[in-house]
Amino acid sequence: ASLKQWQEAFDHYSLANSYRKLEYNPQQATARAERIIDIPPLGLLHQEELKAKPILIVGFMRSGSTVLEQALGQHSQVSICGEHEALLSIAKQFPEKFGFEGAWPEASEQITHQQAASVANWYISEMMQMGTKPNAPVLIDKTLANYYVLELAARILPGLQVIHCARDPLDTCLS
């Protein structure tokens with residue numbers, strides 16, 4: 001039953017959020033998205049078969065991603081790997097690791113087939129160690145922020161599947 005104390009509830013919600021110092025710059029986020037869009041489609045960088053097939057779940061918080069992850073994880077061949085920042089780390093570190101000019105996403109144009117296969121195998125090994133079923137042929141990576149690195153992921157992970165969870169924005173921010 002509703003107590004209909006909406007203003008008081010919203011005041012508490014606002015107070016709680018005032019304690020969080022989120023560093024979000026909409027101009028910076030827009031510029032980053034535009035840089036990603038400007039990268040020419042280069043296609044898959046290698047065809048090496050991986051030990052397991054990754055599925056990325058991306059989207060916003062409170063969009064149903066955990067329910068989806070748990071449902072998929074009920075299958076005997078699916079390992080839940082949780083929220084692991086491996087792909088985000090790859091995107092951040094690979095320009096320096098391989099001596100590329102510039103930063104990601106521009107540096108993704110310089111990665112070789114051999115480097116892509118090496119990075120992909122490292123990612124799969126990391127995810128297999130983190131997962132609930134170590135030898136499962138399908139891995140679920142539920143790091144919602146992976147949408148920032150989908151271009152890179154699609155280039156280094158053959159057969160990559162992505163599930164984008166979406167929900168009405170009002171329901172998402174109020175849940």
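Quick notes
- Spacing of the modelled spin labels on Val67 and Ala31, each 7 Å from Cα toward Cβ, amounts to 3.9 nm.
- Over all other residues within a Cβ to Cβ distance under 11 Å of Ile36, the charged ones net out to -2, with Lys and Arg as +1 and Asp and Glu as -1.
- For the range 30-111, the Cβ-based charge dipole about the Cα centre amounts to some 280 debye (Lys, Arg positive; Asp, Glu negative; other atoms uncharged).
- The GluC sites (Glu not before Pro) of the range 54-118 that DSSP puts in a loop, and whose beta carbon has at most 10 other beta carbons within 10 Å, are Glu101.
- Accessible area of the chain belonging to carbon and sulfur atoms, whole % at 1.4 Å probe: 56
- Reachable lysines, given that their alpha-carbon falls under 18 Å from the alpha-carbon of Lys21 and they are not under 8 places away in the same chain: none
- Read-out log10 I(q)/I(0) by the Debye sum over Cα atoms at q = 0.11, 0.13, 0.16, 0.18 Å⁻¹, derived from the coordinates shown; its label in (i) -0.45, -0.64, -1.00, -1.29; (ii) -0.46, -0.63, -0.88, -1.06; (iii) -0.57, -0.75, -1.03, -1.20: (iii)
- Cut-off of 10 Å, at most 12 other beta carbons, DSSP loop: longest stretch of the chain lacking such chymotrypsin sites (Phe, Trp or Tyr not before Pro): 25-175
- Accessible area in square angstrom per residue, the range 55-119, 1.4 angstrom probe: 55
- Around Phe98: net Lys/Arg minus Asp/Glu count, Cβ-Cβ under 15 Å: -1
- For a straight C-alpha distance cut-off of 12 angstrom, the aspartates and glutamates reachable from Lys92 (same-chain residues fewer than eight places away being disregarded) are Glu106.
- Reach of Lys51 by Cα under 16 Å, taken over lysines that are not fewer than 8 positions away in the same chain: Lys133
- Other residues lying with their Cβ under 14 Å from the Cβ of Glu109 contribute a combined charge of -2, Lys and Arg counting +1, Asp and Glu -1.
- Candidates Ala91, Gln77, Leu45 compared by Cα position along the dipole of the range 42-114: farthest toward the positive end lies Gln77, with charges placed on Cβ.
The values are calculated or read from the model by the stated rules, or taken from the named source; none is laboratory data. The structure presented is a predicted model; accordingly, all values stated were derived computationally and were not measured. Using ideal geometry, Cβ is built from the backbone for each residue, glycine included, and neighbour counts are taken over all protein chains shown. What goes into the accessible areas is simple: the full protein's heavy atoms, side chains included, and nothing from ligands, DNA or RNA. Shrake-Rupley method; radii C 1.70, N 1.55, O 1.52, S 1.80 Å.
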